[in-house]
Amino acid sequence: MTDPFKNAMLQLNKAAKIMGLKKDFLKSLSQPKRILKAEIPITLDNGKKVKFKAFRVQHNNRRGPYKGGIRFHQQVSLEEVKALSFWMTIKTSVVGIPFGGGKGGIIVDPHKLSKTELERLSRGYIKAFYKYIGPKVDVPAPDVNTNSQIMDWMTDEYTKLTGKKQPAVITGKSIAAGGSLGRNTATADGGFFILMNLVKKLKMKPKNTRVIIQGFGNVGGNMADSLYHAGFKIVGVSDATTAIIDPKNKGFDSHVIEKIKEKHGRVDICTCEKIYCQCKNHKHIIKEKLLEYPCDILILAALENQITKTNVKKIKAKIILELANGPTAPQAEPELLKKGVIIIPDVLANAGGVTVSYFEWLQNMKNQKWSQNQVKTKLKPIMIKAFEQTQKNAKRYKTDLRTAAFISALERIIK
Ligand code: NAD
């Protein structure tokens, strides 16, 4: 697989060249400020002792504390965490929130652990790194395979180790533990606000617009709900195991798929309760093929490097919304741009999550509680402003939206 950090540096260098970024400054962004590594020991329920490799990468804090999620996945690597931490530096700057960029990860398949083992591992992560995090130093959050329960364990462990109750040390907590209303849907909401703005500008009608969603997790599932309610036709979805398409192009009901996913852990069990069913409700296809299925909007909400040189020629979407981080390989992007595909880049499209994380941090610091409506009302103008600034830069520098978003971010970091 392509090295995600090298890919991220290709994107940085492209923007740096167009805007004439000073060499020293470019160099300072080409490496994280600090890389922390640990081996986390835990005792499994059967008494066996095992160790898991873990990372925390602190990329840049010029604009505020390092900020970024913690990923639990068997494919986590240092290069991946470095790339994700760099994208966080860009992302927090694109939306203008006072944070820098960081990221963490553990090489583990969390589905193979029991709940108690997962708790020990989550607490172990904080034991390893608690001296390097804090509300004004580095503020972790959830990412792939981590959730509010894990953030609660981590926050509790931090309190135990430091003797100080500081909920602002971690965001994405449960509401009871100081989390923000609206955080759960924030990434999808942010992407949705931008997409609606674009769809309006392009005079596209939701009822005639076919959407495909890769990844039906927190972000993809919530996005599906918003799109379904706005009247879009969701004609295909996938998860880590499989994919389904709607052969009749009528569009899926997101709530039905959600129920199926909740009950069976995969999206392709039909309402008739059969896997690989070919009945009227859906058609089963190989998940990799879903990206090539005809649609107007392709939403990428799974992992990085999904559109590559191998499949780029077969992509038929006119708009790609990157809710996942790094889903389009830089080697594949020129082909899409040549075809006139509009790519709304990850650092902008999925920045709603970190923006509401900032809201959570603010509420914790000020001991406030905002309503869900307050959160959404504050989120929307931030996302639209960032999108408009990006479009302005794209025009000014005659470049694509990703490079334009990078330029917006870099200009802000320099200031
Ligand atoms: P999640 O674990 O809830 O969901 C991920 C989904 O992707 C799951 O349904 C999984 O089955 C599916 N998936 C994994 N590999 C796949 C594949 N090869 N093909 C199709 N589906 C696949 O994670 P999430 O929080 O929804 O995050 C999804 C993406 O969005 C990640 O790239 C993450 O970094 C990014 N992101 C998330 C947030 C957030 O707030 N959660 C914020 C910014 C970016």
Exercise for the section: Write out, first by first residue and then by second, each pair whose Cβ atoms fall under 9 Å of each other, whose residues are 6+ apart or on separate chains, and whose first residue, in the stretch 220-234, is over 13 Å from residue 208 (Cβ atoms) while the second is of a type in the set (Lys, Arg). Expected result: 221/261; 227/233; 234/210
Practice task
Output the number of residues of the stretch 160-174 satisfying the condition of being hydroxyl-bearing (Ser, Thr, Tyr) and surrounded by fewer than 16 Cβ atoms within 10 Å (Cβ to Cβ).
Solution key: 2
Completion exercise
Reported set for the stretch 360-380 where residues are closer than 21 Å to residue 152 by Cβ, more than 13 Å from the ligand (Cβ to nearest atom) and not basic (Lys, Arg) is 361, 362, 363, 364, 365, 367, 368, 370, 372, 375
Handout entry: Whichever residue in the stretch 63-87 is surrounded by fewer than 19 Cβ atoms within 10 Å (Cβ to Cβ) and more than 15 Å from the chain's Cα centre (by Cα) and, among such residues, is farthest from residue 13 (Cα to Cα)
Key = 74
Practice task
Starting from residues that are out of contact with any strand residue (DSSP E or B) (no Cβ under 6 Å at 6 or more places or on another chain) and open to solvent by 50 Å² or more (accessible area, probe 1.4 Å), keep the ones in the stretch 229-252 and report whichever is nearest to the ligand (Cβ to nearest atom).
Solution key: 240
Practice task
Could you give me the residue pairs with C-beta distances under 9 Å whose first residue belongs to the stretch 63-76 and is closer than 8 Å to residue 107 by Cα, whose second residue is open to solvent by 20 Å² or more (accessible area, probe 1.4 Å) and acidic (Asp, Glu) wherever it lies, and which are 6+ apart or on separate chains?
Solution key: 72/109; 72/143; 73/109; 73/143; 74/109
Exercise for the section: Go through the stretch 386-415 and count every residue that is of a type in the set (D, E, K, R) and either in a loop (DSSP other than H, G, I, E, B) or crowded, with 22+ Cβ neighbours inside 10 Å (or both). Expected result: 4
Exercise for the section: Search the stretch 128-143 for residues being among the small types (Gly, Ala, Ser) and away from the ligand (no atom under 16 Å from the Cβ), and hand back the single one that is least open to solvent (accessible area, probe 1.4 Å). Expected result: 134
Fill in the blank from the handout: Exactly one of 194, 260 is within 14 Å of the ligand (Cβ to nearest atom), surrounded by 15 or more Cβ atoms within 10 Å (Cβ to Cβ), among the hydrophobic types (A, V, I, L, M, F, W, C) and within 24 Å of residue 317 (Cβ to Cβ), and that residue is 194
Exercise for the section: Please state which one of 332, 324 is within 11 Å of the ligand (Cβ to nearest atom) and of a type in the set (Gly, Ala, Ser). Expected result: 324
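The values are calculated or read from the model by the stated rules, or taken from the named source; none is laboratory data. Owing to the predicted nature of the structure, the values given are computational and were not obtained by experimental measurement. Don't worry about glycine lacking a Cβ; one is built from the backbone with ideal geometry, like all the others, and counts go over all protein chains shown. The accessibility values were calculated without ligands, DNA or RNA, using every heavy atom of the protein model including side chains. Shrake-Rupley method; radii C 1.70, N 1.55, O 1.52, S 1.80 Å.
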